[in-house]
């Protein structure tokens, strides 16, 4: 599988990572190399093989749906790069 | 009292119990050692004041007769574990300034048992790497590098991603360190630096409060200088945690009690597929030597087959980036760490993530995003999960014929910084022997087994049945004793 520059730009956009234009070609090469490497999995017969969801043979535990903790607004916000009035501040999203 | 930094954990516990020295004295010696090894760049954050305060409290507990199983032992913490009030970087620019408001379960367990924190150690960015050369905070240099410290003739890598942990323990600046292992990040650096590292069964150690890389693979474990120390530290790290949905509710054995040295009649699986093409002669030789040692101790080697071994790396390099791309979506410039402004919310996201992630992390997020995207999900991600099932089945079959599996840990000794850096696949091949057990969730340990022709450490890997760390540790100690490696790094505190 070979990825072109436009596809890499599209993936970068989906991943919300700004990639400078002059790095796209090099990145396309590297990603194509990795994809070519992983394509060998096509050789493996996986007919009727269930995709692994968990390595440990256990079902997920359930807990009671109840409040057990909370009241940490200031602690939660303490690492926010920009906060105000008990909220995170984001760039303007509506005109 | 420099001798204190060369003790094993077991010997330090003895000395503390006999009042030969105090936890404060032991910690002071290590704080000084941490300063001495600064040329290695092993620590991202040193916490000497906290260490001494913890040591003081430890001495007070001991005086009251309340000593825990790791009472007074100074250790280093991989900077992937959240530590309350102490910067936690994951070696990434994007976590600049992040000070967790909470403590990870594993480190909480260690402090509960009396351990003392010396600081936070370096790693590959978000634990993605096999050489500790992707950290935003700089490369870690192995204490095994030849030449004068700080002016080495060749700068060797300590392995990765737990490279700071490995370097600090090997250079005698910490009695042990926490590591995390997603595809070999405890075992490979342990092998490169001549120490012991065990990744327990998936589910043994809580992942709560550990910065996530690939959640179905990530597992914490200890890195120490002896197998006995690994048993001591593992016991403190493990345990059921309701806050981690994959934490397993099983009692934690006294791993130290499992070190009986008696492996008579044990069947040791030797997977024929691990004799990979182009395996260096000295790697093959140390493996054969390991088989011989176990035979002499009364174990019986049996050839086993793990037919899907050759597909493990490819499987890993789909599953791990896919999970990483999802886990790392949380770094959005809003809630913690770095923020680079932009004209719109979307621009702010893209600018922050563009500036905050290093090249290897970016590469893996992009691969992960691609294999999870519409139209490719089945062909890549689901296919990889199916092959992962077959890899697990291989191990299930193998463990019908054997009790433990012996392999080399890494395909070479440590290489120099700058080598293998142009080609990502070449770097990924470092993990060829460690990745399969990660995919299958099995316990795996690297034990020092000798030195190569270049004088650098070689490790052997033991893999066990799920939740049978005890057999892994017991057999590991037999190898450790038979190998009796005396070589030490040229640079030590």
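Applying the selection to the range B:314-326, what residues are at the interface with another protein chain (Cβ under 8 Å from one of its Cβ atoms) and over 13 Å from residue B:383 (Cβ atoms)? Working first, answer last.
First, the residues of the range B:314-326 that are at the interface with another protein chain (Cβ under 8 Å from one of its Cβ atoms): B:314-315, B:317-318, B:325.
Hit for the range B:314-326 is B:325, nothing else.
Residues in the range B:265-281 that are touching a strand residue (DSSP E or B) at 6+ places or on another chain (Cβ under 9 Å), part of a loop (DSSP other than H, G, I, E, B) and more than 14 Å from residue B:463 (Cβ to Cβ): B:265, B:279.
Scan A:95, A:39 and give me the residue that is more than 30 Å from residue B:101 (Cα to Cα) and surrounded by 14 or more Cβ atoms within 10 Å (Cβ to Cβ). Let's see the steps before the verdict.
Details: A:95 fails: surrounded by 14 or more Cβ atoms within 10 Å (Cβ to Cβ).
Every option except A:39 fails the conditions.
Which of the following residues is at pLDDT 95 or above, under 30 Å from residue B:403 (Cα atoms) and assigned to a helix (DSSP H, G or I): B:381, B:316? Don't jump to the end; show me each part of the working.
Numbers: B:381 fails: under 30 Å from residue B:403 (Cα atoms).
The conditions single out B:316.
Filtered by the rule that a residue be loosely packed, with under 14 Cβ neighbours inside 10 Å and modelled with pLDDT of 95 or more, the range A:48-57 gives A:48, A:50.
Considered as a group, the residues in the range B:246-266 that are surrounded by fewer than 16 Cβ atoms within 10 Å (Cβ to Cβ) and out of contact with any helix residue (DSSP H, G or I) (no Cβ under 8 Å at 6 or more places or on another chain) include one that is nearest to the other protein chains (Cβ to nearest Cβ), and that residue is B:249.
Being touching a helix residue (DSSP H, G or I) at 6+ places or on another chain (Cβ under 7 Å) and surrounded by fewer than 24 Cβ atoms within 10 Å (Cβ to Cβ) is the filter here; which residues of the range B:89-107 pass it? Result: B:93, B:101.
Restricting attention to the range B:183-207, the residues that are over 21 Å from residue B:392 (Cα atoms), under 8 Å from the mean Cα position of the chain (by Cα) and within 14 Å of chain A (Cβ to nearest Cβ) total 0. From the residues in the range B:416-437 that are in contact (Cβ under 8 Å) with a residue 40 or more places away in the chain, more than 18 Å from the chain's Cα centre (by Cα) and on the phi < 0 side of the Ramachandran plot, which one is surrounded by the fewest Cβ atoms within 10 Å (Cβ to Cβ)? Among residues in the range B:416-437 that are in contact (Cβ under 8 Å) with a residue 40 or more places away in the chain, more than 18 Å from the chain's Cα centre (by Cα) and on the phi < 0 side of the Ramachandran plot, the one surrounded by the fewest Cβ atoms within 10 Å (Cβ to Cβ) is B:421. Restricting attention to the range B:22-53, the residues that are surrounded by fewer than 18 Cβ atoms within 10 Å (Cβ to Cβ) and either over 30 Å from residue B:136 (Cα atoms) or without any contact (Cβ under 8 Å) to a residue 12 or more places away in the chain (or both) total 5.
The residues of the range B:469-493 that are under 15 Å from residue B:269 (Cα atoms) and surrounded by fewer than 20 Cβ atoms within 10 Å (Cβ to Cβ) amount to a single one, B:471.
Among the candidates B:362, B:385, B:465, single out the residue that is more than 8 Å from chain A (Cβ to nearest Cβ) and either crowded, with 18+ Cβ neighbours inside 10 Å or under 17 Å from the mean Cα position of the chain (by Cα) (or both). Write out each step before concluding.
Details: B:362 fails: more than 8 Å from chain A (Cβ to nearest Cβ); B:385 fails: more than 8 Å from chain A (Cβ to nearest Cβ).
Unique residue meeting the criteria: B:465.
For residue B:249, the conditions (1) part of a loop (DSSP other than H, G, I, E, B); (2) touching a strand residue (DSSP E or B) at 6+ places or on another chain (Cβ under 8 Å); (3) closer than 30 Å to residue B:110 by Cβ are fulfilled apart from (2).
Got a sec? Which of B:19, B:56, B:78, B:64 is surrounded by fewer than 16 Cβ atoms within 10 Å (Cβ to Cβ) and touching a helix residue (DSSP H, G or I) at 6+ places or on another chain (Cβ under 7 Å)?
Numbers: B:19 fails: touching a helix residue (DSSP H, G or I) at 6+ places or on another chain (Cβ under 7 Å); B:78 fails: surrounded by fewer than 16 Cβ atoms within 10 Å (Cβ to Cβ); B:64 fails: touching a helix residue (DSSP H, G or I) at 6+ places or on another chain (Cβ under 7 Å).
Criteria check complete, one pass: B:56.
In the range A:58-88, the qualifying residues are those that are facing chain B (nearest Cβ under 8 Å) and loosely packed, with under 13 Cβ neighbours inside 10 Å, and the one that is nearest to residue B:466 (Cα to Cα) is A:60. For the range B:338-352, the set of residues classified as crowded, with 20+ Cβ neighbours inside 10 Å, within 7 Å of chain A (Cβ to nearest Cβ) and either in contact with a strand residue (DSSP E or B) (Cβ under 6 Å, 6 or more places away or on another chain) or assigned to a loop (DSSP other than H, G, I, E, B) (or both) consists of B:339 only.
Under the condition of being within 14 Å of another protein chain (Cβ to nearest Cβ) and closer than 23 Å to residue B:261 by Cα, which residue from the range B:438-462 is nearest to the chain's Cα centre (by Cα)? Please lay out each step first, then the result.
Taking the range B:438-462 first, the residues within 14 Å of another protein chain (Cβ to nearest Cβ) are B:438-444.
Next, from what is left, pick out any that are closer than 23 Å to residue B:261 by Cα: B:442-444.
Numbers: B:442: 14, B:443: 12, B:444: 11 Å.
For the range B:438-462, the residue satisfying everything is B:444.
Listed by position, the strands (runs of 3 or more DSSP E) enclosed by the range B:396-493 that each have at least 3 residues that are under 13 Å from residue B:199 (Cα atoms) and in contact with a helix residue (DSSP H, G or I) (Cβ under 7 Å, 6 or more places away or on another chain) are B:444-451, B:457-464.
The values are calculated or read from the model by the stated rules, or taken from the named source; none is laboratory data. Only a predicted model underlies this, so the values are computations on that prediction, with no experimental measurement involved. Don't worry about glycine lacking a Cβ; one is built from the backbone with ideal geometry, like all the others, and counts go over all protein chains shown.
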